[in-house]
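What follows is a set of notes on a single structure, which appears directly below.
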Amino acid sequence: GTIKKLNGELYQQQMCIDGLEAYNRRENLIICGLPVSSAAEAASATADADSSGSAENAAETEKAVLALCQQKLKVNIVPSDISVTYRLKKTGTAPGPAPVIVRFTNRKARDAIYASRFALKHHTGNIFINEDLTSYRAHLFAEARKLVKRKQIASSWTANGDIFIKISTAPGCKPKRIQNL
């Protein structure tokens, strides 16, 4: 009885922490496939964050993000809409440049960028814009995408850090928010 009760309490605490972490990530987007904009930035991808010139490299990354938003997505954002941009460390042997995380100061600007991400399908280059999900929610979303590929559910997507699925394409089938496997 005691172990079962403690496991229940632990699960509740983990879900609470995940909710807080998801809320904290709400202003972020992750851009995958954004080309490295300068030789200095390319060099910084292998250097430590403490190396000299990191502010210049961050400025180059921000310029690349602004250009993507304004030219390809046709969303007019300004530098004051962005709090910080930086490249994440590459994981494994994934091809292409390291992903860029963008933290916005303005949630409306962030939501406009995320809503316009489908415009990237019309451009060459594999650039994708995703929400910054917690590791738990990223795992849930990956499992939901597997079900879509196996045609066991109709669709899956994220919105505001939450995972949604639609069981079928039948009229009246409402989306369901997923919180666990």
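Applying the selection to the range 1-38, what residues are of a type in the set (K, R) and either open to solvent by less than 90 Å² (accessible area, probe 1.4 Å) or in contact with a strand residue (DSSP E or B) (Cβ under 6 Å, 6 or more places away or on another chain) (or both)?
Matches in the range 1-38: R25, R26.
Search the range 72-92 for residues being of a type in the set (S, T, N, Q) and at pLDDT 90 or above, and hand back the single one that is nearest to G33 (Cα to Cα).
Out of the qualifying residues, it is T85.
Looking at (1) loosely packed, with under 13 Cβ neighbours inside 10 Å; (2) modelled with pLDDT of 90 or more; (3) under 17 Å from G125 (Cβ atoms); (4) not charged (D, E, K, R), which is the only condition P95 fails?
(2)
Tell me which of these A109 doesn't satisfy, since it passes every other one: (1) in contact with a Phe, Trp or Tyr (Cβ under 9 Å, 6 or more places away or on another chain); (2) of a type in the set (A, V, I, L, M, F, W, C); (3) closer than 16 Å to A67 by Cβ.
Here A109 clears every test but (1).
Being modelled with pLDDT of 85 or more, of a type in the set (A, V, I, L, M, F, W, C), over 24 Å from T158 (Cβ atoms) and not in a loop (DSSP other than H, G, I, E, B) narrows it down to one of A112, A67, A43, so name that one.
A67
From the list N180, N106, N126, exactly one residue is over 18 Å from C32 (Cβ atoms) and open to solvent by 80 Å² or more (accessible area, probe 1.4 Å). Which is it?
Going through N180, N106, N126 in turn, the sole match is N180.
Working only within the range 149-166, note down all residues that are closer than 30 Å to K108 by Cα and either open to solvent by less than 70 Å² (accessible area, probe 1.4 Å) or modelled with pLDDT of 95 or more (or both).
Within the range 149-166, A154, S155, S156, W157, T158, A159, G161, D162, I163, F164, I165, K166 meet the criteria.
The values are calculated or read from the model by the stated rules, or taken from the named source; none is laboratory data. Remember, predicted model here, so these are calculated numbers, not experimental data. When we count neighbours, we look across all protein chains shown, and the Cβ atoms used for this are built from the backbone with ideal geometry, even at glycine. Side chains are part of the model used for accessible areas, which takes the heavy atoms of the whole protein and leaves out ligands, DNA and RNA. Shrake-Rupley method; radii C 1.70, N 1.55, O 1.52, S 1.80 Å.
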